[in-house]
Amino acid sequence: MKLKIPLHYQILAALIFGALFGSIFKIPDNAFTLKRSLSNVPHKEKIEKYEQIALIYKQSEDSIAQEFLFKRGEQTAFIKKFRSFSNLEKKNLTLKVIKSGKTNNYHSLISVEKIPTIATEIKPIGTVFIRLLSFLAIPLVIVTLIVGAASIDDLKKLGRIGSKTFAFYIISTAIAITVGLVLANLIQPGKYVSAAAQESLAAEFELESAEKITQKLDVDIVDFFVQIVPQNPFKAIASGEMLQIVFFAVLFGTVLTFIDKKKSALLVSVLDAISDAMIKLVNIVMKLAPYGVFALIAATIADFGYEIIYTLFWYMFTVLAGLLLHTILVYSAIVKGFGKESPVKFFKGIRTAQAIAFSTSSSAATLPVTMDCVENKLSVPKKISSFVLPLGATINMDGTALYQGVAALFIAQVYGIDLSITQQLTIVLTATLASIGTAPVPGVGIIMLVMILQSIQLPAEGIALILGVDRILDMCRTITNISGDAAVCVAIAGSEKDK
Ligand code: ASP
């Protein structure tokens, strides 16, 4: 007899073994590959087991040398610092390596790289998995939405579902930020960061934070609504503009009910066939999930510096406690109160989607899985899930909003700035808007945070303090993001049952 382990257990095992594998094959933190030019020929060598390294920069013969010291474990900071020099400046750079008490100097430096391990080399398997899920998301949304809207054939009902969905999303997001702000006020995570730690975080993530600040995306509320209407639906599809796609698909599906039934039935059945094929494809891709998840987690853990967790422990604790509280309490209440569904069944039903959200950090890539879970495990009609979930993946990000609330307060606390109640209310408003405008892909939450910081006159460079743990928190907040979409979906389905 063949033993069949359910998929969610396989994915859970992949998460655990992936994390173990990643910590065994960690990228060494006191080694790197150095490329330099020897008599104009590029030459690569490995520098391993050093005790200390230093970069010495001398602009010209008679200028004073600047020295940047790095101990073992500060390899990421060293590589970032090295990359911050222009090619021209690198000519005046000397690398000093202290190993077993001896010092070696290197010149004509070209590049320094981390040394990959088997755990980071397998990452492409995970990337292929994310790409497969992402390419399924858009066609799946379009066809299911058109078919869904075409079968609702009642404009009033569509309007009612639409406004209820929107209201649920906005209210749950505002609650999420409030949970984050209350916890950050109670725990005061910023008080635990010493001035020395603040300085070293600021220096280490200076470059990265400057990059993120320039990527800042503004949310203009009027423009936001104007932009929902696509000028060219094919362009919207090609560039993955989810809201524009939803707008087009709902409109198109609705007008199908206005035309000759014979013609529309034909198209609907074709689209229905495409939708079935897409769902089949999701099931096939999910067979790869354990391998994809294993590779993604292994690579993330192998490349993650643990030291920073000590410095930012209370900040991480506050965000994680908030996410956990919100996910369990608020979603249980929504599911039970409006969806008349058991919270235990709900969380069991969506656990596969949660594991995929955690490993991909992307609500968009998780969307096909969330749809599958909600329809097949929680028996939500396709008509509702195909409308509520894509909309949610795009505009509803409770986890991101909660994290932004905590992060803003944390940064203010580290800088010793007291935020007034008005400023905290401004955070609730801007973070709600920001989470609507945040794209459902990895790492966008922190870019939107820049806008929130500026709205309350906090220095945007503050994001340097939290960048080091952003990846881990991104994985966790994405779980909350997709759980919120699923909870609202169950609530809408429950409230529409007898209508
Ligand atoms: N990664 C998140 C998502 O896709 C967005 C973010 O917070 O960066 O849901």
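The values are calculated or read from the model by the stated rules, or taken from the named source; none is laboratory data. Just so it is clear, the model here is predicted, and its values are computed rather than measured. Using ideal geometry, Cβ is built from the backbone for each residue, glycine included, and neighbour counts are taken over all protein chains shown. Protein only, heavy atoms only, side chains kept; ligands, DNA and RNA dropped before computing areas. Shrake-Rupley method; radii C 1.70, N 1.55, O 1.52, S 1.80 Å.
Observations on the model:
- Entry note, the chain: relative contact order of 24 percent, from Cα contacts under 8 Å with a spacing of 6+ residues.
- Taking 7 Å steps out from each Cα toward its Cβ at residue 38 and residue 267 produces label points 6.8 nm apart.
- Ignoring aspartates and glutamates fewer than eight residues from residue 49 along the same chain, the ones with Cα atoms less than 14 angstrom from its Cα are 29, 74.
- Local electrostatic count at residue 353 - Lys and Arg +1, Asp and Glu -1, tallied over other residues with Cβ under 12 Å: 0
- If you model the range 68-196 as an ellipsoid using its alpha carbon gyration tensor, with each semi-axis the square root of five times an eigenvalue, the axes come out at 52, 27, 14 Å, biggest first.
- Debye intensity ratio I(q)/I(0), log10, the chain, q values 0.08, 0.13 Å⁻¹ (C-alpha model): -0.56, -1.25
- Where a label projected 7 Å from the Cα of residue 100 along Cα→Cβ would reach, residues of the range 16-38 with amide N under 18 Å: 30-32
- Positive-pole candidate from 347, 284, 115, dipole of the chain, charges at beta carbon: 284
- For q = 0.21 Å⁻¹, Debye-computed log10 I/I(0) when each Cα of the range 243-282 counts as one equal scatterer: -0.75
- Of the DSSP H helices in the chain, those whose Cα atoms cover at least 20 Å axially and whose Kyte score averages -1.0 or more: 7-24, 123-152, 155-187, 242-256, 261-287, 398-414, 421-437, 470-496
- Cubic angstrom per residue, convex hull over Cα atoms of the range 386-425: 63
- Quotient of the Cα radius of gyration of the range 364-499 and 2.2 N^0.38 Å, N being its number of residues: 1.18.
- Contour excess over end-to-end distance, with Cα ends at residue 239 and residue 31 and 0.36 nm allotted per residue: 70.8 nm
- When only alpha carbons are used to place a centre, the range 224-266 and the range 449-482 end up 33 Å from one another.
- When the helices of the chain are scored as -39500 (n - 2.57) per DSSP H run of n ≥ 4 and the total is divided over every residue, the value at 222 nm lands at -21000 deg cm²/dmol.
- Computed extension length for residue 72-residue 84: 2.3 nm, one decimal, from 0.36 nm per residue of separation with the Cα-Cα distance subtracted.
- For residue 476, the accessible surface of its heavy atoms amounts to roughly 30 Å² (probe 1.4 Å, protein chains only, rounded to the nearest 10).
- Solvent-accessible area of residue 147 with every protein chain in place, 1.4 Å probe, in Å² to the nearest 10: 30
- If you sort 225, 32 by accessible surface, 1.4 Å probe, largest first, the order is 225, 32.
- Using bins of 5 Å that start at zero, the share of Cα-Cα pairs per bin across the range 421-486 amounts to 4, 16, 25, 25, 19, 9, 2, 0, in whole %.
- Charge context of residue 102, other residues only, Cβ under 15 angstrom, K/R +1, D/E -1: +1
- Cross-link table 114/287; 263/383; 26/81; 287/497; 340/377, entries beyond 26 Å C-alpha to C-alpha: 114/287; 287/497
- Rg over Rh [alpha-carbon atoms, Kirkwood Rh] for the range 125-225: 1.13
- The distance from the alpha carbon centre of the range 61-114 to that of the range 326-373 is 48 Å, rounded to a whole number.
- Within the shell of other residues whose beta carbon sits under 10 angstrom from the beta carbon of residue 44, the net charge comes to +1, with Lys and Arg scored +1 and Asp and Glu -1.
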